[in-house]
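**Q** Have a look at this one before I ask anything.
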Amino acid sequence: MDLSEDQILADELASLGAVGGGSGRLVRVVANLMRKNVHEIDLLVPLPFDDVVKRVSGVLGRAGRAVGTVPVGAAEVEDEETIRVVAGGGAGGLNPVVVTARVLKVDKDGSEVRLRAAAKEGLIRQRAGEKTAVRLAALLSGATGADRATGASG
């Protein structure tokens with residue numbers, strides 16, 4: 001089952017609320033009303049596609065917990081792989097961050113990684129999505145020898 005970033009973040013925050021003795025259902029409703037901090041970074045990797053997919057999976061696997069599949073369109077694309085995890089961000093790593101990495105084959109010896117991190121923002125802006133994207137982009141660059149192409153906040 002495919003889940004959107006908003007659904008995953010609401011569920012993660014509801015789980016944290018329930019563990020803390022609160023109402024998970026109420027937290028889920030409030031989470032859907034909160035604004036989202038999103039940051040995207042594109043990396044150009046001078047490695048073959050399959051090698052990049054393995055390295056990205058390894059880095060993201062160590063950073064967080066894998067979550068469901070990601071819709072990539074009507075048909076699966078042979079030269080594209082999407083990996084999604086929930087990592088901890090913000091103060092004490094307690095704010096869940098959905099991290100999505102799309103690996104695209106550019107040519108036989110090169111790939112592109114489109115990294116996106118999204119987190120809900122409360123009254124105190126922690127920029128957990130942005131900070132997590134930057135942190136994971138640095139780890140991915142170290143693991144793959146990637147050059148940063150672009151980065152954008154949303």
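None of the figures in this text is laboratory data; all of them are computed from the coordinates on show. Only a predicted model underlies this, so the values are computations on that prediction, with no experimental measurement involved. Please note: Cβ atoms are built from the backbone with ideal geometry, for glycine as well, and neighbour counts cover all protein chains shown.
**Q** How much length is gained on full extension from residue 44 to residue 123, taking 0.36 nm per residue of separation minus their Cα-Cα distance? It would help to have the intermediate numbers written out before the result.
**A** Working: separation 79, 0.36 × 79 = 28.44 nm, distance 3.54 nm.
Extending this stretch completely gives an extra 24.9 nm.
**Q** Another question, then. How big is the charge dipole of the stretch 92-142 about its Cα centre, in debye rounded to the nearest 20, if each Lys and Arg gets +1 on its Cβ and each Asp and Glu gets -1 on its Cβ? Spell out each step's value before the answer.
**A** On the way: 10 positive and 5 negative charges, 31 e Å.
Here the size comes out at about 140 debye.
**Q** In nm, to one decimal, how far is the residue 30 label point from the residue 54 one, both placed 7 Å along Cα→Cβ?
**A** The modelled label-to-label distance comes out at 4.6 nm.
**Q** Can you list the lysines whose alpha carbon is less than 19 Å from that of residue 105, not counting same-chain residues fewer than 8 positions off?
**A** Residue 105 reaches 54.
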